[in-house]
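Beneath this line is the structure, given in structure tokens, with notes to follow.
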Amino acid sequence: MKLIKHLLIASFIIKSPICSASAMLQYWQQAKINWQSESGTHINILADEQPAFLALKPYIPLFEELTGISVGFHALEQSQMRVRRHQDLSMHTGLYDVLPMGITFLGEAQSRGWIDPLQPYIDNPKLTDKAWYQLEDISERSLALCKINGALYSLPFDFSAPIYFYRKDLFEHFNLAVPDTYEQLQETKIKLQKAIDRTPSLNGMHAFASRTLPGAGLNTWTVLPIMRAYGAEVIDAQGQSVFDSPQTAQSLQAYRDLVTGFGNPDNSRLLHFYEIRRLFKEGQLASAFLASHFYNEIDTAEESDIWNKWEAAPLPAGPVARETSPWSWAFAINNQSNQKKAAWLFIQWATSEQTAALLSTGGSPPRQKVWHEKLFTLVNKPGFNKAMLWVFEHATPDRLQAGMVEFPVVGELISQTFSQIFYGADIKQSIKATDAKINVNMRALQARSENKQ
């Protein structure tokens, strides 16, 4: 099944499922630039061990043949990648020419001058064929996650957001409707677990799970959208904490009820999101909030026993709105790189329509044409397709995550508070104490920034 999917995607590019690498190169060679202009150079790429990065790796020989540039591709587990990336940039070693970038780190990297703005590379006709590259085809929602004050600092090649994955077969068998609100989801979790417990063949299965582990970018990724859905924010437009609010308390109570207690795995507060993925994939979990690009791990019989039993929907709505947390894995150029032109050629190739079509067998490309012409048909899940359209059209990041320099510090602070609440800490006392800490940290960060100017 996965092979069939690869061939279908390849046919989008080459109109034939079997061809040589040389024949495939012609589709990048249509760009009116000299791909061989940096031939003989070497670049190092740092990557995350996320599926989209790993999907790119097998195709790097195509880039090397196209350009004559040799590539070192180093994929690390996410926490290790973040440490390595920060070390390389903060110590100005220039070890990696191209770096993986997400919205939680973009603000700090840009403010410290660690990464290059990309518009000069895009505007250079010797390096970029704008008509061929079609920047406008990349989802504006994903591009927005790569900008600071309107300037582009990275380019996305994988775009996702938390959505609600569920076992369609179980919902139909137990006559359960897909929940549209968080209150309905809590009721559905209880009903579903009771039905599961009455069914011997489902022994050991749990109804629901979502992120709980602390870490900026970990539990914050799914907690922040439920806060916004209830009308709560962490930081206001003036940079002041508004964390201590009735809306925050209400949203965190709702999230805690969803991720703890009856209907959740016994160790729910210790589950990494990789573990939640595994449980759903192996049929031990009936529903979960998961990254939309997770579809690529469960859409064939080769990958999962439940490949034809799942569906997806947007996250539930709160009293104020329906929200999610869009995320783009993107590539940026290290300001200390000695091979910036070669690095740009790699980024242009990796984020092009042709490469996006190949990577859609393991990632979730932000290229709208690839989705509309192939993937909405290839992924035969109407609910999932509707959810992805919703993400493309409506997903906006929380203010705190939208390139704010302060996110790594404030994000870690609220993340630890979320975790304490999941373990039973008093919600009102916790958010009041954290509100004060946020303002202290915001003032300190602002003063530090002003002293550097």
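For the stretch 180-206, what are the residues that are under 24 Å from the mean Cα position of the chain (by Cα) and either farther than 24 Å from Thr396 by Cβ or open to solvent by less than 40 Å² (accessible area, probe 1.4 Å) (or both)?
Hits for the stretch 180-206 are Thr181, Tyr182, Leu185.
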Might you let me know whether the stretch 170-179 holds any residue that is among the charged types (D, E, K, R), within 30 Å of His372 (Cβ to Cβ) and crowded, with 19+ Cβ neighbours inside 10 Å? no
Please pick out the residue among Pro125, Pro156 that is in a strand (DSSP E or B) and not aliphatic (A, V, I, L, M). Pro156
Can you pull out the residues in the stretch 56-71 that are without any contact (Cβ under 8 Å) to a residue 40 or more places away in the chain and part of a loop (DSSP other than H, G, I, E, B)? Gly68
Restricting to the stretch 266-281, what's the tally of residues that are in contact (Cβ under 8 Å) with a residue 24 or more places away in the chain and over 16 Å from the mean Cα position of the chain (by Cα)? 7
Going residue by residue through the stretch 79-91, is there one that turns out to be among the small types (Gly, Ala, Ser), modelled with pLDDT of 95 or more and closer than 22 Å to Asp116 by Cβ? yes
Can you find a residue in the stretch 235-258 that is under 24 Å from Thr181 (Cβ atoms), open to solvent by 10 Å² or more (accessible area, probe 1.4 Å) and among the hydroxyl-bearing types (Ser, Thr, Tyr)? yes
Hey, any hits in the stretch 388-400 for a residue that's outside any helix (DSSP H, G or I) and in contact with an Asp or Glu (Cβ under 6 Å, 6 or more places away or on another chain)? no
Can you name every residue in the stretch 69-112 that is open to solvent by 40 Å² or more (accessible area, probe 1.4 Å) and on the phi > 0 side of the Ramachandran plot? His92
Top-ranked residue in the stretch 207-217 [being among the aliphatic types (A, V, I, L, M) and open to solvent by less than 10 Å² (accessible area, probe 1.4 Å); ranked as nearest to Gln80 (Cα to Cα)]: Ala209
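Hey, among Gln339, Gln354, which residue is open to solvent by 10 Å² or more (accessible area, probe 1.4 Å) and touching a Phe, Trp or Tyr at 6+ places or on another chain (Cβ under 7 Å)?
Unique residue meeting the criteria: Gln354.
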Ser139 versus (1) in contact with a helix residue (DSSP H, G or I) (Cβ under 7 Å, 6 or more places away or on another chain); (2) of a type in the set (S, T, N, Q); (3) exposed (fewer than 14 other Cβ atoms within 10 Å of the Cβ): which is the lone unmet condition? (3)
Could you run through the stretch 1-55 and say how many residues are modelled with pLDDT of 80 or more and part of a loop (DSSP other than H, G, I, E, B)? 10
Those residues of the stretch 401-443 that are modelled with pLDDT of 95 or more, small (Gly, Ala, Ser) and either touching a strand residue (DSSP E or B) at 6+ places or on another chain (Cβ under 7 Å) or not in a helix (DSSP H, G or I) (or both) come to a total of 2
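Residue-wise test of (1) in a helix (DSSP H, G or I); (2) without any contact (Cβ under 8 Å) to a residue 40 or more places away in the chain.
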| position | (1), (2) |
| --- | --- |
| Gln184 | yes, no |
| Ile190 | yes, no |
| Val223 | yes, no |
| Ala232 | no, yes |
| Gly239 | no, no |
Give the stretch 399-441 a look and list any residue that's open to solvent by less than 50 Å² (accessible area, probe 1.4 Å) and charged (D, E, K, R), or say none. Glu406, Asp435
Hits in the stretch 307-324 - residues which are crowded, with 21+ Cβ neighbours inside 10 Å, in a loop (DSSP other than H, G, I, E, B) and not polar (S, T, N, Q): Pro314, Leu315, Pro316, Gly318, Glu323
Tally up the residues in the stretch 113-122 that are surrounded by 15 or more Cβ atoms within 10 Å (Cβ to Cβ) and either outside any loop (DSSP other than H, G, I, E, B) or without any contact (Cβ under 8 Å) to a residue 60 or more places away in the chain (or both), please. 4
Taking the stretch 357-372, which residues are basic (Lys, Arg) and either part of a loop (DSSP other than H, G, I, E, B) or open to solvent by 10 Å² or more (accessible area, probe 1.4 Å) (or both)? Lys369
I'd like to know if the stretch 373-381 contains one or more residues that are open to solvent by less than 60 Å² (accessible area, probe 1.4 Å) and modelled with pLDDT of 90 or more. yes
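The values are calculated or read from the model by the stated rules, or taken from the named source; none is laboratory data. Quick caveat: nothing in here was measured; it's all calculated off a predicted structure. Cβ sites come from the backbone with ideal geometry, for glycine too, and all protein chains shown count toward neighbours. With ligands, DNA and RNA removed, areas are computed over all heavy atoms of the protein, side chains included. Shrake-Rupley method; radii C 1.70, N 1.55, O 1.52, S 1.80 Å.
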